[in-house]
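Notes for the one structure printed next.
Read-outs: derived from the displayed coordinates by stated rules, not from any lab. What you see is a predicted model, and the numbers here were worked out from it, not measured in a lab. As a convention, Cβ positions derive from the backbone with ideal geometry for all residues, glycine included, and neighbour counts pool all protein chains shown.
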Amino acid sequence: MRRPAVAVAAAVALSGVYGCTVRDPGAGTDGRSRPPVRVEVPGTRSPGAGTPIGGGRTGAPGAGGGPSRTATRTPAPAQPPAPAPKPTRTVSAPVLWSRGDSGRAVRAVQARLRQVGWLSNGPTGTYDAATERAVQGFQGKRGLPRTGRTDTVTWQRLVAMTHEPGQWELYLMGGQPAGAPDARCLTGRVLCIDKTTRTLRWMIDGRTVSTMAVRFGTEETPTRDGVFQVYWKSRDHVSTIYHTPMPYAMFFSGGQAVHYSSDFAARGYAGGSHGCVNVRDEAAIARLFAQVKEGDKVVVHR
């Protein structure tokens with residue numbers, strides 16, 4: 001009986017020294033078992049809790065002293081997505097003339113290109129490779145698409161930089177349609193020569209047998225207008241004044257004659273004669289020379 005009493009006394013003495021009661025760390029003051037301590041990382045939220053750990057306020061002693069609060073943040077209204085950029089569409093200007101086209105309008109394009117130095121030959125009336133290259137050069141110089149096709153924008157720029165081409169500019173190298181024949185050409189056998197359209201019609205009794213391009217004298221040595229007749233034919237004539245060949249010459253007024261001109265064939269209307277009517281198509285004038293007779297009428301008109 002004495003040994004248990006000694007044990008009790010020893011226990012009481014230990015309690016007074018350490019000031020605490022030895023107990024199971026998992027037991028509460030009521031003796032019940034407690035769950036292990038939960039450690040949460042600051043910045044995370046406990047399941048079901050309304051306050052982030054380390055960022056909110058609690059009512060626990062030392063944590064602000066106030067009641068537990070739940071921080072509520074009103075979410076920003078959702079912004080509608082930015083509209084997708086619309087794809088840009090390049091609208092091409094309508095094409096007026098392009099390679100392969102022909103006619104008087106094409107002559108106008110070529111004549112204007114000559115005025116600004118992009119075309120040296122012509123006009124021919126045919127939209128060929130040279131015309132296409134000239135248009136490309138003109139377009140590239142002015143920041144336009146180098147298509148080589150004359151569209152409305154290209155044409156407007158070209159028109160703004162040039163003047164309206166005259167008849168002689170449009171038909172610089174010939175090929176102009178013959179005008180209506182003078183009334184004096186409608187009877188008999190006539191060399192009907194039109195200075196306005198720069199053409200020669202060979203007519204018999206009002207019917208046109210053939211037509212060809214011709215060139216006249218310069219301002220210093222003009223071709224005379226009027227009604228004449230062929231008074232001499234010379235197949236291989238050479239000028240006694242200028243010492244130049246005048247093949248297939250058909251003289252009608254002094255030293256003025258209708259004849260073939262190699263200079264006209266080479267340079268076109270860039271040159272001029274000393275008063276003669278030049279023909280550049282040698283085959284055509286050879287046929288004409290064979291048909292015309294001395295005494296046939298010659299009419300030079302405007």
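How much length, in nm to one decimal, is gained on full extension between residue 267 and residue 243, taken as 0.36 nm per residue of separation minus their Cα-Cα distance?
Numbers: separation 24, 0.36 × 24 = 8.64 nm, distance 1.93 nm.
Result: 6.7 nm gained on full extension.
For segment 190-256, what does the convex hull of the Cα positions come to per residue, in cubic angstrom? Numbers along the way, then the final one.
On the way: hull volume 7.5 nm³, N = 67.
Here the figure is 111 Å³ per residue.
Return a whole-number percent for the relative contact order of segment 137-241, with Cα pairs under 8 Å and 6 or more residues apart as the contact set. The partial results should precede the final answer.
Details: 93 pairs, mean separation 14.6, N = 105.
For segment 137-241, the relative contact order is 14 percent.
Which of the peptides 125-134, 203-212 is most tightly packed, and how do the rest follow, judged by the mean count of other Cβ atoms within 10 Å per residue? Don't skip to the answer; put the middle values down first.
Numbers: 125-134: 18.5, 203-212: 14.0.
Descending mean neighbour count gives 125-134, 203-212.
Counting only residues 5 or more places away or on other chains, whose amide H sits under 5 Å from the amide H of residue 210 once H atoms are built in the peptide plane?
Here 202 satisfy the definition.
Please state the shape class of segment 128-278: rounded when a/c is under 1.5, otherwise prolate if a/b exceeds b/c and oblate if not, all from the C-alpha gyration tensor. Provide the component values of the computation, followed by the final result.
On the way: a/c = 2.96, a/b = 2.04, b/c = 1.45.
Since a/c reaches 1.5 and a/b is larger than b/c, the shape of segment 128-278 is classed as prolate.
With a Cα-only, solvent-free Debye model of segment 119-216, what are the log10 I(q)/I(0) values at q = 0.14, 0.17 Å⁻¹?
Cα-only, vacuum Debye calculation for segment 119-216: -0.66, -0.79.
Kindly identify segment 95-146 as rounded, prolate or oblate by the Cα gyration tensor criterion: order the square roots of the eigenvalues as a ≥ b ≥ c, call it rounded if a/c is under 1.5, otherwise compare a/b with b/c, prolate if a/b is larger, else oblate.
On the way: a/c = 1.90, a/b = 1.34, b/c = 1.42.
Because a/c hits 1.5 or more and a/b fails to exceed b/c, segment 95-146 counts as oblate.
Restricting to bridges with both residues inside segment 148-302, how much of the DSSP beta-bridge set is antiparallel, in percent to the nearest 5?
So the antiparallel bridges amount to about 75 percent of the total.
Straight-line reach from residue 233: which aspartates and glutamates have Cα under 14 Å away, leaving out those fewer than 8 places along the same chain?
Candidates past the 8-residue exclusion: 294, 296.
Aspartates and glutamates within cross-link reach of residue 297: Cα-Cα under 15 Å, excluding same-chain residues under 8 positions apart?
Leaving aside aspartates and glutamates fewer than 8 places away in the same chain, those within reach of residue 297 are 182, 194, 205, 225.
In whole Å, largest first, what are the principal axis extents of the Cα atoms in segment 197-302?
Taking max minus min along each principal axis of the Cα atoms, segment 197-302 gives 35, 27, 26 Å.
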